[in-house]
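Worksheet: one structure, shown below.
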Amino acid sequence: MIELLTYPFMVRALIAATVTGLAAPAIGTYLVQRRLALLGDGLGHVAVTGVALGLLTGTSPTWFAVLVAVVGAVGIEIIRERGHTSGDVALALLFYGGLAGGVLITGLAGQSASRLQEYLFGSITSVSAGDVLVTAALAAVVIVACVGLLPQLFAVSQDEEFARVSGVPIRFYNLLVAVLAAVTVTVAMRTVGLLLVSAMMVVPVATAQQLTRSFRSTLGAAMVLGLGTALGGLVLAAYLSTLQLDVAPGPTIVLLSLTGFALTWPVGAWLRSRHPVSSEVMGV
Amino acid sequence: MSPLIAVRDARVNITGRPVLFDIDLAVDSGEFVALMGANGSGKSTLVRAVTGLRPLARGQIELFGTPLSGFKEWHRVGYVPQRASAASGVPASVREVVTSGRLGRRRLFAPLLKTDRRAVADALDVVGLTERVSDSVATLSGGQQQRVLIARALAGEPDVIFLDEPTAGVDLPHQHALAESLGVLKERGVTVVLVAHELGPLAPLVDRAVVLSQGRVTYDGVPLRDDDVHVHHHPRLHRHDHTPHVGSPLDSLQRERR
């Protein structure tokens, strides 16, 4: 078992899991704060088209996914800001367009569905050294921005109008959150796959906030949980494979993360019952 | 000297429909002004226009003698939005929400300075929430959350503060606490512009009342009694309370018993 962890492909997988486990919950905390928990899902679907374009042109699916996801994120943000279409309908349109376009283009490229499946559900153990480098660099950008710009991103996500009257350039920070989310989607693509990306962004945050009282501690705890479940899920899947069980790392990571939530939720419910929200009326 | 706030011939449209007409208003430094009027009279819209949240269809607004389009000194402006709750999707402590009020005065990537911490502590002291600083805002009552939002605006040490319906849905003891906090600001010489349906315990603080009706200023002068603002067509036997102190019938019993 220990020997397995030292294989080069496994070392690359461990590195990818580490950076994804840290970056996804970092941006995910802001998405949950703005009640955009499903944005990661929408961007994941859009990125499928990017992957397919990469396969079609015979270039890098990763960079095409980054490009298309960023364009999609900026589009969603503009729709959200204008408020013309309701946000969830705009997201839904992107879900279907992205996924359908991706499957169609993959077919045109003459690639099999199994090639696309690597990106849809992740294939962390087949990550190349170059992919690890790109993933780590992008994840580093996401983590530095999410932690370093915490005061700005917190204020903009907490109360956009107040931030605006404080003179904060809210459009810039809103776009930054959207772009960081898009980058994170492609970072997590190889680890858990585009269809499960959002779980790594949202579940650790949902688990962390069962026990936390502040934003900073939620962000920190979510990153620790994300790291723990990403590494734990990968190692667990590797261990089960030594027992001749064919277990994919991506779903294992997500299910481990959900187990963490299921175990923490009763504790959170108990804590909340001890400090109930005051019976006073909450507004009008 | 130019007034702190100057609104000239301002018109605001919302989805093409005019909501404010020909508004002219000047507020001097140190004044405590109440913007009053019925629901839909445009009083909140006027505050949103002055804080740059609503674009003007016509006219001009100046803050500190600078047209809004070129105004950069937003750290001098405090804004308390009309909000039922200060909570969001992720827990946030009282300290974090109040500290976000310092943003206009902080540099990028800079840690909190001693002056920032002092301003936050002072703001919490003014609203009387010092001992709740580590609690999640979601566990606070509606009145306390309103005071957190006021502390957030105070933390930026503004020269003028706009409050949009700070007393709406807040029970009487919390209204008195609010009046005390605003009294401290008034003593410090901060200009206060307050949107209110009814003044209640804030009445003694108000220097000047501006009454809006259907998008126009219909009165500007010494504060009126609440009864004079709302014209009633029927003789009434008792004073009617426009802002119910409770939000649902079930809560009233509980409050009476306290």
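The values are calculated or read from the model by the stated rules, or taken from the named source; none is laboratory data. Keep in mind it's a predicted model, so treat the numbers as computed, not measured. All Cβ positions, even for glycine, are placed from backbone atoms using ideal geometry, and neighbour counts span all protein chains on display.
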Worksheet item: Scanning for something closer than 30 Å to B:ARG11 by Cα and either of a type in the set (Val, Ile, Thr) or crowded, with 18+ Cβ neighbours inside 10 Å (or both), does segment B:113-124 turn up at least one residue?
Response: no
Response to the item:
Selection from segment B:112-160 of residues assigned to a loop (DSSP other than H, G, I, E, B) and either among the hydrophobic types (A, V, I, L, M, F, W, C) or more than 23 Å from B:VAL50 (Cα to Cα) (or both) yields B:LEU112, B:LEU113, B:GLY128, B:LEU129, B:VAL133, B:SER134, B:ASP135, B:LEU140, B:SER141
Discussion item. Looking at A:ILE27, A:ILE105, A:ILE76, can you tell me which residue is in a helix (DSSP H, G or I), β-branched (Val, Ile, Thr) and within 14 Å of chain B (Cβ to nearest Cβ)?
Written reply: A:ILE27
Discussion item. So A:VAL71 passes all but one of these: (1) within 28 Å of A:LEU153 (Cα to Cα); (2) in contact (Cβ under 8 Å) with a residue 60 or more places away in the chain. Which condition number does it fail?
Written reply: (2)
Worksheet item: Would segment A:175-197 turn up any residue that is within 14 Å of chain B (Cβ to nearest Cβ), part of a helix (DSSP H, G or I) and farther than 28 Å from A:GLY268 by Cβ?
Response: yes
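I'd like the full set of residues that are assigned to a helix (DSSP H, G or I), surrounded by fewer than 24 Cβ atoms within 10 Å (Cβ to Cβ) and in contact (Cβ under 8 Å) with a residue 40 or more places away in the chain, limited to segment A:207-218.
Within segment A:207-218, just A:ARG216 meets the criteria.
Yes or no, residue by residue, for (1) surrounded by fewer than 21 Cβ atoms within 10 Å (Cβ to Cβ); (2) away from chain B (no Cβ under 14 Å); (3) modelled with pLDDT under 95; (4) not in a helix (DSSP H, G or I):
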site: A:LEU4; (1), (2), (3), (4): yes, yes, yes, no
site: A:VAL11; (1), (2), (3), (4): yes, yes, yes, no
site: A:ALA16; (1), (2), (3), (4): no, yes, yes, no
site: A:ALA23; (1), (2), (3), (4): no, yes, no, no
site: A:GLY42; (1), (2), (3), (4): no, yes, yes, no
site: A:VAL48; (1), (2), (3), (4): no, yes, yes, no
site: A:ALA52; (1), (2), (3), (4): no, yes, yes, no
Response to the item:
Residues of segment A:125-159 being touching a Ser or Thr at 6+ places or on another chain (Cβ under 8 Å), farther than 16 Å from A:LEU22 by Cα and either assigned to a helix (DSSP H, G or I) or more than 10 Å from every other protein chain (Cβ to nearest Cβ) (or both), in sequence order, are A:VAL127, A:ASP131, A:PRO151, A:PHE154, A:ALA155, A:SER157, A:GLN158
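Here are some residues: B:ASP116, B:ASP135, B:ASP125. Which one is among the acidic types (Asp, Glu) and at the interface with another protein chain (Cβ under 8 Å from one of its Cβ atoms)?
Being among the acidic types (Asp, Glu) and at the interface with another protein chain (Cβ under 8 Å from one of its Cβ atoms) holds for just one of B:ASP116, B:ASP135, B:ASP125, which is B:ASP135.
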Worksheet, complete the sentence: Filtering segment B:191-209 for residues that are more than 13 Å from B:MET36 (Cβ to Cβ) and crowded, with 21+ Cβ neighbours inside 10 Å leaves a count of 2
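If you check B:ALA110 against the conditions, is it surrounded by fewer than 19 Cβ atoms within 10 Å (Cβ to Cβ) and facing chain A (nearest Cβ under 10 Å)? Give the steps one after another, and end with the answer.
Details: surrounded by fewer than 19 Cβ atoms within 10 Å (Cβ to Cβ): yes; facing chain A (nearest Cβ under 10 Å): yes.
So B:ALA110 fits the description; yes.
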Worksheet item: Quick one: what pairs do we get from segment B:51-67, first residue outside any loop (DSSP other than H, G, I, E, B), second surrounded by fewer than 19 Cβ atoms within 10 Å (Cβ to Cβ) and of a type outside the set (A, V, I, L, M), C-beta under 6 Å, 6+ apart or different chains?
Response: B:ARG58/B:ARG11; B:GLY59/B:ARG8; B:GLY59/B:ASP9; B:GLY59/B:ARG11; B:GLN60/B:ARG8; B:LEU63/B:PHE71
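Filter segment B:81-100 down to the residues that are under 26 Å from B:ALA26 (Cα atoms) and at the interface with chain A (Cβ under 8 Å from one of its Cβ atoms) and list them by number. Give the derivation first.
Narrowing segment B:81-100 to residues under 26 Å from B:ALA26 (Cα atoms): B:81-82.
Hit for segment B:81-100 is B:PRO81, nothing else.
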Practice prompt. Have a look at A:LEU175, A:LEU150 and point out the one that is of a type outside the set (Lys, Arg), surrounded by fewer than 24 Cβ atoms within 10 Å (Cβ to Cβ), touching a residue at least 40 places away in the same chain (Cβ under 8 Å) and within 17 Å of A:ALA222 (Cα to Cα).
Written response: A:LEU150
Worksheet item: Restricted to segment B:86-111, and to residues that are within 18 Å of A:GLY167 (Cβ to Cβ) and assigned to a loop (DSSP other than H, G, I, E, B), which residue is nearest to the chain's Cα centre (by Cα)?
Response: B:ARG106
Practice prompt. Return yes or no: is A:PHE162 in contact with a strand residue (DSSP E or B) (Cβ under 7 Å, 6 or more places away or on another chain) and either assigned to a helix (DSSP H, G or I) or more than 14 Å from chain B (Cβ to nearest Cβ) (or both)?
Written response: yes
Worksheet entry | Test result for B:VAL50, of a type outside the set (Asp, Glu), more than 9 Å from chain A (Cβ to nearest Cβ) and within 22 Å of B:VAL170 (Cα to Cα) | no
Worksheet item: Limited to segment A:98-114, what total is found for residues that are surrounded by 15 or more Cβ atoms within 10 Å (Cβ to Cβ) and under 23 Å from the mean Cα position of the chain (by Cα)?
Response: 5
Worksheet item: Considering segment B:54-80 alone, what residues qualify as being surrounded by fewer than 16 Cβ atoms within 10 Å (Cβ to Cβ) and at the interface with chain A (Cβ under 10 Å from one of its Cβ atoms)?
Response: B:LYS72, B:GLU73
Fill in: Positions within segment B:28-49 being assigned to a loop (DSSP other than H, G, I, E, B) and either crowded, with 20+ Cβ neighbours inside 10 Å or of a type in the set (Gly, Ala, Ser) (or both), in sequence order
B:SER29, B:GLY30, B:GLY37, B:ALA38, B:GLY40, B:SER41, B:GLY42
